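Each remark here refers to the structure printed beneath this line.
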Amino acid sequence: MTHFKYFKEKLFVESTSMLNIVKKNKTPFYLYSGQQIKENYIKFAKIFKNVNPLICFAAKANTNLTIMRMLGRLGSGADVVSGGELLKALKAGIKPNKIVFSGVGKTEEELKLAIKNKILLINVESESEAILINKIGKNNNKIISIGFRINPNVDAKTHKKISTGKAENKFGVSIKNFSSFYKKIKKFKNLKINAVSVHIGSQILSDAPYKKTLDVLSEFIKDLNIKLKYVDLGGGFGIKYTKKDKQVNLNNYAKLVYDFKKKLNCNIIFEPGRSLVGNTGVLVSKIQYIKKGSNKNFIIIDAGMNDFMRTALYDASHDIVPIVRTKRKSQEPIEFVGPICETSCKFIKYKKYQKIKEGDFVAITNVGAYGSSLSSNYNTKPLIAEILVDKNSFKIIRKKQNLFKLINS
Ligand code: LLP
């Protein structure tokens with residue numbers, strides 16, 4: 001998080017002090033660095049420059065319209081998984097010929113929307129879906145550009161809840177069943193098979209699963225023996241949430257993908273989500289109460305699992321840092337928890353922390369991906385505001401949801 005730094009013990013986003021922002025905005029809120037978003041995208045594109053891929057930002061990581069618009073302006077396309085995400089991508093100005101649509105359960109309505117908007121690819125995940133798309137194509141007298149998503153049976157060695165490429169996972173068509181699937185769909189007159197796609201999981205921290213997937217795909221495409229316009233290699237690149245987290249060596253991977261592309265003579269698509277926006281945001285929260293427990297103090301903050309689900313869902317580790325740093329250490333262990341009436345509404349424990357008091361502000365770090373987009377109205381709490389910093393200024397890029405509208409809806 002290079003754009004989130006202490007300056008004279010005060011936490012800054014770019015050149016804006018968070019203290020200034022909390023003075024003017026009620027916590028909790030998401031706070032993003034525009035520079036960090038731009039830098040991440042440019043860095044990713046640079047690493048894969050020789051591959052010249054179409055980078056389709058995985059909208060599910062962050063569907064804030066301003067953020068999607070920023071990425072779109074930098075050249076990004078979008079990977080969407082619902083009609084809503086598709087409409088958001090279009091609204092953010094992303095051209096249909098840069099949009100791919102994934103997901104195991106696309107509805108007829110969503111497919112029609114994608115077809116009407118002439119998006120680049122619908123990544124088909126089952127025979128029944130292919131039959132439905134072909135039918136829609138036939139009824140509308142259209143040839144529809146599809147890819148098929150393969151389940152390569154590769155273990156991404158990530159958290160089991162975000163692993164998608166093993167045979168036991170619901171995603172893609174298994175290679176085992178592929179030939180009977182293909183025999184059937186190649187006869188469909190209203191489908192144009194343009195691509196093969198894979199996505200083996202998320203928060204992947206080692207190179208091996210990616211290498212293995214390329215090997216499986218090379219073999220598979222060789223046997224398939226058709227000319228593909230695109231191979232969509234998905235996303236999944238992990239970020240460093242903790243010091244222990246290693247990262248995929250993207251430079252090495254870029255070389256492998258370059259060779260793969262040359263061999264197959266096709267275009268490459270990537271669908272990165274977390275790696276583009278994960279480290280671009282924090283969740284700023286106020287310490288509501290401090291309560292003595294029997295062997296630790298509970299620091300009850302005003303952000304809860306409704307605002308940020310990752311710790312409750314995946315036992316994820318996100319550091320919480322103070323907005324004003326002091327050198328005075330408290331002696332008791334503490335646990336940051338939220339207000340929601342669930343035991344899993346808790347964030348992180350520390351054996352030692354600086355001295356803090358009620359009314360102080362803290363920031364949950366690395367929440368730019370799957371933070372706001374996973375938030376909910378659980379316990380009838382409104383969705384919180386999102387704020388974007390640009391150097392020394394900031395603006396609200398999503399207003400806090402109105403409580404009265406929420407209770408009347
Ligand atoms: N493409 C497809 C088809 C996907 O399903 C996903 C993520 C991505 C791309 C982007 O993956 P990324 O580059 O962001 O790893 N909520 C979980 C993550 C779920 C990811 C689901 N699919 C979390 O907070 O860790």
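The slack in the chain from residue 187 to residue 259, taken as 0.36 nm per residue of separation less the alpha-carbon distance, amounts to 22.8 nm. A straight line joining the Cα centroids of segment 279-344 and segment 1-58 runs 22 Å. One decimal place: the segment residue 19-residue 409 gains 137.0 nm when fully extended, by the rule 0.36 nm per residue minus the C-alpha distance. Expressed as a fraction of 2.2 N^0.38 Å, the value expected for a compact globular protein of N residues, the C-alpha radius of gyration of the chain is 1.05. Placing one equal scatterer on every Cα of segment 34-277 and applying the Debye formula, the log10 ratio I(q)/I(0) at q = 0.14, 0.16 Å⁻¹ is -0.89, -1.19. A Gaussian network model of the chain, with springs between Cα atoms under 10 Å, assigns the largest mean-square fluctuation among 288, 203, 36 to 288. Across segment 285-312, no residue has a backbone nitrogen under 11 Å from the label position 7 Å along the beta-carbon direction of residue 357. Subtracting the Cα-Cα distance of residue 350 and residue 87 from their residue separation scaled by 0.36 nm leaves 90.5 nm.
The residues of the chain expose on average 48 square angstrom of accessible surface per residue, using a 1.4 Å probe on protein heavy atoms. If you run the Gaussian network model on the chain, springs between alpha carbon atoms under 10 Å, then out of 318, 159, 199 the most flexible one is 159. Between residue 222 and residue 247, the simple spin-label model (points 7 angstrom out along Cα→Cβ) gives 3.3 nm. The label-point distance for residue 168 and residue 135, in a model that sets each label 7 Å from Cα toward Cβ, rounds to 3.4 nm.
Atom-type composition of the exposed protein surface of segment 34-277 places 51 percent of the accessible area on carbon and sulfur (1.4 angstrom probe). Highest mobility in the GNM of the chain, judged by mean-square fluctuation with C-alpha springs under 10 Å and restricted to 380, 280, 66, is found for 380.
The values are calculated or read from the model by the stated rules, or taken from the named source; none is laboratory data. Only a predicted model underlies this, so the values are computations on that prediction, with no experimental measurement involved. Here Cβ is always computed from backbone atoms with ideal geometry, including for glycine, and neighbour counts include all displayed protein chains. These accessible areas exclude ligands, DNA and RNA; they are computed on the full protein's heavy atoms, side chains included. Shrake-Rupley method; radii C 1.70, N 1.55, O 1.52, S 1.80 Å.
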